[in-house]
C-alpha cells in the first residue's frame, strides 16, 4: 500500500495524473495532493505535510506532471523498499556532491526515464548506463521528479523547511539519507515520462548556495561504492568543469553582478578550482561577453 504525495499548483489534483495512477499503480494507494494554488507552501513544507497526513508505510513523492508507463509499478516500489538499510529511491541520480554546484549526472550518471515533448525539444528517452541489467543501482544524489522511501525513514530525516521555494529539496534529502547511514538507489524497472524541466533562475542559485553552506563540512561527498583514491585524483577536474558550467548558467540567468561575484568568491574559497574570476575586473569582462554572446545565440535563461 502506498501514500503518493504531490505538491500541486492546482486546487484539485491533475485529472490526467489521477487517471494514470488509477490505471497503473497496481495496488491500494492514497493520493495526497497538497493544494499550493495560493503559494502557501514551499515544496519542503508541502512534502512534510503530506508525510503527516499519510496513512501507509510506503511513501512516494512525485511531480504532478508525470505519466507512469510501467504497469503495477507500486508493487515494484514495495519490493524495492525491502532492501536492508535503503534510504531514498528515484529514477535519476549520480555519485558525487562536490564543493561547487554540480548536476546529479556529473559523475557516473544513472537514469531511467522519459523527458516529454516541450515547445523546443522532442521526447527524449534517458537511460544511463546503457548496458546496465539490474533493477537498482546505488547512488549519492537523486533527482526529485519521483522519489520513494519507507515512512519510518522520516523519523530520522525530514525535508528542511529552513529552505524556501522549490529547489534543492531532492539533493538535501538525498544527503540527509546518506549521512544518516542509508544507501540511496536509482531504479530501472519503473518507467515514467516527465513533461517539464527545471528553470534555473535566481531562486535556483540561491538554493544551491544555501545547500552548499549547509553541507559544506561534509563536502565533497561520494557514493560509498566509488573508488575513493580515483575520485580524489579527478576531483579537481570535476570541480573545475562544474564551476565553469555553473558560472555560465549564472551569467545567462541575468543575476546581478554583485550576486555573481558573491557566489564566485564563496565557491573559489571552498574548492580546488583555479579561477581568474575572483578578480573583479576580469569577472566583469567575462560576464559582459558571455551575456552578449548568449543573447546572440539565444542561450539566455528567461
- Message: Just to verify a result, which residue in region 103-143, among those that are modelled with pLDDT of 95 or more and in contact with a helix residue (DSSP H, G or I) (Cβ under 7 Å, 6 or more places away or on another chain), is nearest to residue 70 (Cα to Cα)?
- Response: 136
- Item | Failed criterion for residue 81 (all others in (1) at pLDDT below 95; (2) more than 17 Å from the chain's Cα centre (by Cα) hold) | (1)
- Query: residue 225 versus (1) more than 30 Å from residue 164 (Cα to Cα); (2) out of contact with any strand residue (DSSP E or B) (no Cβ under 6 Å at 6 or more places or on another chain); (3) surrounded by fewer than 18 Cβ atoms within 10 Å (Cβ to Cβ): which is the lone unmet condition?
  - Reply: (2)
- Message: Being closer than 26 Å to residue 220 by Cα and free of Cβ contacts under 8 Å to residues at least 24 places away in the same chain is the requirement here; does residue 163 meet it?
- Response: no
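Listed here are the residues, each with its yes/no results for (1) surrounded by 17 or more Cβ atoms within 10 Å (Cβ to Cβ); (2) farther than 14 Å from residue 9 by Cα; (3) at pLDDT below 95; (4) in contact with a helix residue (DSSP H, G or I) (Cβ under 7 Å, 6 or more places away or on another chain).
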residue	(1), (2), (3), (4)
31	yes, yes, no, yes
39	no, no, yes, no
53	no, yes, no, no
57	no, yes, no, yes
60	yes, yes, no, yes
68	yes, yes, no, yes
- Counting only residues that are surrounded by fewer than 18 Cβ atoms within 10 Å (Cβ to Cβ), under 23 Å from residue 167 (Cβ atoms) and modelled with pLDDT of 95 or more, how many does region 1-29 have? 0
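The values are calculated or read from the model by the stated rules, or taken from the named source; none is laboratory data. In this text the structure is predicted, and so the values were computed from the model without any measurement. Ideal geometry is used to build each Cβ from the backbone, glycine not excepted, and the neighbour counts take in all protein chains shown.
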